[in-house]
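The next block holds one structure in the form of structure tokens; read it before the comments.
The values are calculated or read from the model by the stated rules, or taken from the named source; none is laboratory data. Just so it is clear, the model here is predicted, and its values are computed rather than measured. Here Cβ is always computed from backbone atoms with ideal geometry, including for glycine, and neighbour counts include all displayed protein chains. Accessible surface is based on the protein model in full, side chains and every heavy atom, while ligands, DNA and RNA are left aside. Shrake-Rupley method; radii C 1.70, N 1.55, O 1.52, S 1.80 Å.
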Amino acid sequence: MGNRKVKNVLVTGGAGFIGSHTCVALAEAGYQPVVVDNFANSQSDVPDRIAQIIGTAIPVHQVDCTDETGMRNILDRYEDWHGVIHFAAYKAVGESVAHPLKYYRNNIGSLLTLLQLMNDYPLHHLVFSSSCTVYGEPDHLPVTEKSPVRPAESPYGYTKQVGEQIITDQQQVSPAMRSVLLRYFNPIGAHPSGKIGELPLGKPENLVPYVVQTAAGWRDQLTIFGRDYPTEDGTAIRDYIHVMDLAEAHVKALDWLHQQEAQETPGIFNIGTGRGHSVKEVVDTFEDATGIKVPHQFGSRRPGDVSSIYADATLAQRELNWSASRTLGEALHDAWMWQQTLKPPA
Ligand code: WQD
């Protein structure tokens, strides 16, 4: 490494699905990811798997991001920080409806703790993990960053909206702070090495984990929720983005932050492919990409689902010099390769 300054990047929730892939992208771009995770929703061997991919171990601290003392003990060990990427949050929409306080305490509490620490430490650049759920059911497609934010459909979605507002308010009174809100569309797939991927606990809520578990014979059949949407084949449309494309967007956003002079408000970027695909298209593309049939039936719509949403991702292309490069087929193939490394639940 010579005397090149180590650029530490704090990655909260760094053992999770998007966090772990972002650690790989950070290391490959020459940054030093420092993982903080309470392992409530991630497996303890993920940091070792990240090390296998990048060829070197990374610092890992098992701390809950709502624990201010625990977080201070970590930050005290490092001279300087290149930035922080804040993933740590619960993210299951359905669970958030059943357990709102758990979501508000964890998702908002961890952000408040982090922002307080950013005041007290040389930690000035924040990348915040937000979500396209802030748009609700858009009137116009594709959605741009100027599309209206709609009332959240779930406590989970509301924690993202409130998180964006808290960061915006704090940015206004923190001259040294630089922040960016990344509104993810639908992250899918896995690292092509097959060493890290999505690890849904129990029955998957999301489409692609359910598809690959059905293909693997863990589930009898996929139910497609709704066939009467106002779309070409009647099934709902989303913008599915390969998790490695999403991970690389975080590195570009961090670089962008270091180019910003003073900021009045956070940067806001849609991180999607700019293309929508229906549920049926996802199933068909998976079958074409893997040669494996996915037994499925059509059921009624899932409450809270929107019909169609996909990104206008041109702002990220222009400002961050980033765009998604991997196809839906590649993402589904990588998801399937990862699924085949997993053991069925006991
Ligand atoms: C996609 C489509 C379902 C399962 C959610 C969160 C979002 C983000 C991504 C965290 C929908 C259909 C699904 C199934 C199906 N999460 N589906 N059968 O709801 O767009 O977004 O996950 O950041 O914030 O809101 O993703 O994968 O759950 O659903 O037909 O068994 O697949 O109805 O149309 P969603 P999803």
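Give me the lysines in straight-line cross-link reach of LYS91: C-alpha distance below 19 Å, same-chain residues under 8 apart excluded.
Result set, ordered by chain and number: LYS102, LYS160, LYS203.
At a 1.4 Å probe radius, carbon and sulfur cover how many percent of the accessible area of region 8-339? Walk me through the intermediate numbers first.
On the way: 6670 of 13940 Å².
It is 48 percent, rounded to a whole number.
If you average the sequence gap of Cα pairs under 8 Å that are 6 or more apart and divide by the length of region 126-231, what percent do you get for the contact order? Provide the component values of the computation, followed by the final result.
Details: 83 pairs, mean separation 26.6, N = 106.
Averaging sequence separation for qualifying contacts and normalising by length gives 25 percent for region 126-231.
Taking R0 as 35 Å, what's the FRET efficiency between SER300 and TYR104 from their Cβ-Cβ distance, rounded to 0.05? Walk me through the intermediate numbers first.
Numbers: r = 30 Å, r/R0 = 0.85.
With a Förster radius of 35 Å, E is 0.75.
Given 0.36 nm per residue, what is the gain on full extension from GLU287 to ARG4 after removing their alpha carbon distance, in nm? Display every interim value, and only then the final one.
Values: separation 283, 0.36 × 283 = 101.88 nm, distance 4.75 nm.
97.1 nm is the gain from fully extending GLU287 to ARG4.
For region 114-199, what does the alpha-carbon gyration tensor say about shape, rounded, prolate or oblate, given a ≥ b ≥ c as the root eigenvalues, a/c under 1.5 as rounded, and a/b over b/c as prolate? If you can, show how the numbers build up before the last one.
Numbers: a/c = 2.16, a/b = 1.18, b/c = 1.84.
The shape class here is oblate.
Could you work out the longest stretch of the chain that avoids the GluC sites (Glu not before Pro) located in DSSP loops with at most 13 other Cβ atoms within 10 Å? Provide the component values of the computation, followed by the final result.
Values: sites that count: GLU79, GLU232, GLU261, GLU264.
The reported range is 80-231.
Can you tell me the Rg and Dmax of the chain, counting just the alpha carbons, in angstroms?
For the chain, the Cα-based Rg and Dmax read 19.4, 61 Å.
First select every other residue whose beta carbon is under 15 angstrom from the beta carbon of GLY55; then total the charges, Lys and Arg +1, Asp and Glu -1.
Working: positive: ARG49, LYS195; negative: GLU28, ASP48.
That sum, taken over residues with Cβ under 15 Å, equals 0.
Roughly how many whole Å is it from the C-alpha centroid of region 126-169 to that of region 65-108?
When both Cα centres are located, 18 Å separates them.
Please give every one of the aspartates and glutamates within straight-line cross-link reach of LYS5, meaning a C-alpha to C-alpha distance under 13 Å, and leave out same-chain neighbours fewer than 8 residues apart.
Partners found: GLU79, ASP80.
Counting only DSSP beta bridges with both residues in the chain, tell me the antiparallel percent, nearest 5.
Details: 2 of 38 bridges.
Just about 5 percent of them are antiparallel.
State, as an integer percentage, the relative contact order of region 8-339 based on alpha-carbon contacts under 8 Å between residues 6 or more apart.
Details: 679 pairs, mean separation 65.7, N = 332.
Once normalised by length, the contact order is 20 percent.
So how exposed is HIS124, as accessible area in Å² (1.4 Å probe, rounded to 10)?
Here the residue's solvent-accessible area equals roughly 70 Å².
For the chain, what does the accessible surface come to per residue with a 1.4 Å probe? Please give it in Å².
In whole numbers, the chain has 45 Å² accessible per residue.
Under unit Cβ charges (Lys, Arg +1; Asp, Glu -1), what dipole magnitude, rounded to 20 debye, does the chain have relative to its Cα centre? Walk me through the numbers before you get to the answer.
Values: 28 positive and 39 negative charges, 78 e Å.
That gives the chain a dipole magnitude of about 380 debye.
If I require 18 Å or longer along the helix axis, counting alpha carbons, and a Kyte-Doolittle average no lower than 0.5, what helices from the chain are left? Use full DSSP H segments.
On the way: long enough: 155-172 (25 Å, -1.20); 243-257 (21 Å, 0.57).
Within the chain the helices that satisfy the rule are 243-257.
Roughly how far apart, in whole Å, are the Cα centres of region 295-323 and region 199-273?
Between the Cα centres of region 295-323 and region 199-273 lies a distance of 7 Å.
Nearest 0.05, what FRET efficiency do TYR78 and ASP220 give at R0 = 35 Å with Cβ-Cβ as r? Kindly include the intermediate steps, with their values, before the conclusion.
On the way: r = 49 Å, r/R0 = 1.41.
Working from the Cβ atoms, E equals 0.10.
Bin width 5 Å, alpha-carbon pairs only: give the P(r) of region 300-341 as whole percents, running from 0 to the bin holding the largest distance.
Spelled out per bin, shortest first, that is 5, 15, 12, 13, 17, 22, 11, 3, 0.
Tell me the mean residue ellipticity at 222 nm calculated for the chain from its helices only (DSSP H runs of n ≥ 4, each -39500 (n - 2.57), averaged over every residue, nearest 500).
On the way: 12 runs with 124 residues, N = 346.
Counting only the DSSP helices, I get -10500 deg cm²/dmol.
Taking the Cβ-Cβ separation of GLN43 and ASP67 as r and a Förster radius of 25 Å, what is the calculated FRET efficiency to the nearest 0.05?
0.75
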